[in-house]
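Notes to accompany the following structure.
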Amino acid sequence: MTAKIIDGVAVSAKIRTDIATRVTKLRERGITPGLAVIMVGDNPASAVYVRNKMRACAEVGIQSFKYSFPADAAPQQVLDTIAELNKRDDIHGILVQLPLPPHFAIAQVLQTISADKDVDGFHLYNVGGLVVGDTVFPPCTPYGVVKLLEHEGIEIEGKNVVVVGASNIVGKPMALMLMQRDATVCICHAKTRDLAQFTILADILVVAAGKPNLILPQMVRTGAVVIDVGINRLPNGRLVGDTDFEGLKEKVSYITPVPGGVGPMTVTMLLANTVASAERASGG
């Protein structure tokens, strides 16, 4: 068996075409979706992520606004900026690029963002909404994973799904979103004993642990679907996921590559959430 490689770049491009069409319709009504991006400090990786997000906004017609603060900025200064952005009608989404400097209380910063503009899906209201199936904005990475599965026609209902990694950003919301689609979900994490006894049962395996080559072929059922959310840079500079891609692609039915799998979908779903926010605000 040779797996079908799920092309996240191609799926992302298709979704962005639809997003651009929705933006055009909003602009025809005099509404331009707006995304505010807040960055504190000069983390090089964060700078790249912010630049990519703003470039993606421009490609689909979303107006982006960047607010940069020095690493030693007072937290209250950032909180005051968020409070002002919450009030602005031309801002439909607010994103705080993580990580923040150590003297910031991340939870406080994220909860200051209006739930109606929390396009990253990190506000407690949106996270709690996942439990009851009524979130305003789903977190972008799990949302992207679900869209990849839907695009490939991979059935979720009734399937055994194992999520490896229990972070608040990916693992936990991923499990909740798949449960909403009537999957039977198991979450594994750093304290899980004998990880393979769980992963071998998965019809769909989602891995977001941040450890290269954590999942080997002998740990995965033949014909399973593998979604690799991890991204790790090896000492030689090569980017890899959390799974043994070369070994698994000869055993599973579908697999996402790294890079080029889940990664492009994360930014795309951020755009989708921002446009959805503009549509909601306009009564559309």
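Only one of the numbered conditions (1) touching a strand residue (DSSP E or B) at 6+ places or on another chain (Cβ under 8 Å); (2) within 12 Å of residue 273 (Cβ to Cβ) is not met by residue 126, and that is (1). Each residue in the range 268-284 was checked for being of a type outside the set (Lys, Arg) and over 18 Å from the mean Cα position of the chain (by Cα), and 6 of them qualify. Only residues that are over 19 Å from residue 174 (Cα atoms) and small (Gly, Ala, Ser): list them for the range 247-273, please. Of everything in the range 247-273, those that are over 19 Å from residue 174 (Cα atoms) and small (Gly, Ala, Ser) turn out to be 247, 253, 260. Residues in the range 220-245 that are crowded, with 22+ Cβ neighbours inside 10 Å and farther than 28 Å from residue 53 by Cα: 220, 224, 225. Checking 248, 270 one by one, the residue that is in contact with a Pro (Cβ under 8 Å, 6 or more places away or on another chain) and either small (Gly, Ala, Ser) or buried (at least 20 other Cβ atoms within 10 Å of the Cβ) (or both) is 248 and no other. Restricting the range 251-267 to residues that are within 21 Å of the chain's Cα centre (by Cα) and among the polar types (S, T, N, Q), the residue that is surrounded by the fewest Cβ atoms within 10 Å (Cβ to Cβ) is 266.
To keep it simple, each residue is scored yes or no on (1) more than 19 Å from residue 53 (Cα to Cα); (2) modelled with pLDDT under 95.
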{"position": "82", "(1), (2)": "no, no"}
{"position": "102", "(1), (2)": "yes, no"}
{"position": "106", "(1), (2)": "yes, yes"}
{"position": "117", "(1), (2)": "no, no"}
{"position": "122", "(1), (2)": "no, yes"}
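Residue check: residue 87 meets all listed conditions (1) out of contact with any strand residue (DSSP E or B) (no Cβ under 9 Å at 6 or more places or on another chain); (2) more than 18 Å from residue 111 (Cβ to Cβ) but one, namely (2).
The values are calculated or read from the model by the stated rules, or taken from the named source; none is laboratory data. Being a predicted model, the structure only gives us computed values, none of them experimental. In this analysis, Cβ positions are derived from the backbone assuming ideal geometry, glycine residues included, and neighbour counts consider all displayed protein chains.
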